[in-house]
1. Based on this model, can you work out whether THR68 counts as of a type in the set (Val, Ile, Thr), buried (at least 17 other Cβ atoms within 10 Å of the Cβ), out of contact with any strand residue (DSSP E or B) (no Cβ under 8 Å at 6 or more places or on another chain) and at pLDDT 95 or above?
2. Which one of these does ALA58 not meet: (1) at pLDDT 95 or above; (2) within 19 Å of LEU96 (Cα to Cα); (3) surrounded by 12 or more Cβ atoms within 10 Å (Cβ to Cβ); (4) not charged (D, E, K, R)?
3. Mind telling me which of the residues GLY98, GLY80 ends up being farther than 16 Å from LEU2 by Cα and without any contact (Cβ under 8 Å) to a residue 40 or more places away in the chain?
4. Would you check which residues across segment 7-57 are out of contact with any Ser or Thr (no Cβ under 7 Å at 6 or more places or on another chain), under 16 Å from GLU83 (Cα atoms) and of a type in the set (Ser, Thr, Tyr) and list them?
5. For segment 56-105, which positions are in a helix (DSSP H, G or I), among the aliphatic types (A, V, I, L, M) and within 25 Å of PHE40 (Cβ to Cβ)?
6. For the structure I just gave you, tell me whether LEU10 is over 24 Å from SER101 (Cβ atoms) and either surrounded by fewer than 16 Cβ atoms within 10 Å (Cβ to Cβ) or without any contact (Cβ under 8 Å) to a residue 24 or more places away in the chain (or both).
7. Here is a check on your reading of the model: is GLN42 without any contact (Cβ under 8 Å) to a residue 12 or more places away in the chain, exposed (fewer than 12 other Cβ atoms within 10 Å of the Cβ), in a loop (DSSP other than H, G, I, E, B) and not hydrophobic (A, V, I, L, M, F, W, C)?
8. From LEU82, LEU46, which residue is in contact with a strand residue (DSSP E or B) (Cβ under 6 Å, 6 or more places away or on another chain) and at pLDDT 95 or above?
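The values are calculated or read from the model by the stated rules, or taken from the named source; none is laboratory data. Since the model is a prediction, treat every value here as computed from it, not as a measurement. All Cβ positions, even for glycine, are placed from backbone atoms using ideal geometry, and neighbour counts span all protein chains on display.
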Amino acid sequence: MLFTGSDWSLRSVTLDKELLENQAIEKILETSFILMMVDFPQRVKLVATQQSANTALAEKFQVSHFPTLISLRPDGSEIGRLEFHSATVDSMTKTLNGWISQATKTGQGN
């Protein structure tokens with residue numbers, strides 16, 4: 001899950017443009033993860049039901065930093081969490097591969 005402030009958080013924009021749109025990272029995400037975006041825009045109003053659902057997820061997973069990436073097992077237990085401040089393609093790749101490795105060790109997917 002990617003908790004983001006897509007239209008106001010500079011770190012969210014940086015994560016999206018500099019890392020998530022990188023071909024190597026895109027390939028890892030497409031082949032090993034199901035990405036769910038949980039957005040908290042300020043300039044665009046979400047419909048009330050979507051806003052409520054996003055807020056409930058943020059509360060459930062205790063997210064207060066934007067952006068935050070959380071990797072989950074199919075049972076909903078957390079594999080890893082990254083409160084993004086800055087990263088390189090190499091460090092993000094290492095984080096994602098670490099989550100894949102942890103999921104594989106438990107015999108479950110991500």
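1. Working: of a type in the set (Val, Ile, Thr): yes; buried (at least 17 other Cβ atoms within 10 Å of the Cβ): yes; out of contact with any strand residue (DSSP E or B) (no Cβ under 8 Å at 6 or more places or on another chain): no; at pLDDT 95 or above: yes.
So THR68 fails the test.
2. Of (1) at pLDDT 95 or above; (2) within 19 Å of LEU96 (Cα to Cα); (3) surrounded by 12 or more Cβ atoms within 10 Å (Cβ to Cβ); (4) not charged (D, E, K, R), only one is false for ALA58: (2).
3. GLY98
4. SER9, THR14
5. Those that are in a helix (DSSP H, G or I), among the aliphatic types (A, V, I, L, M) and within 25 Å of PHE40 (Cβ to Cβ): ALA56, LEU57, ALA58, MET92, LEU96.
6. Yes: the conditions hold for LEU10.
7. Criteria not met by GLN42.
8. LEU82
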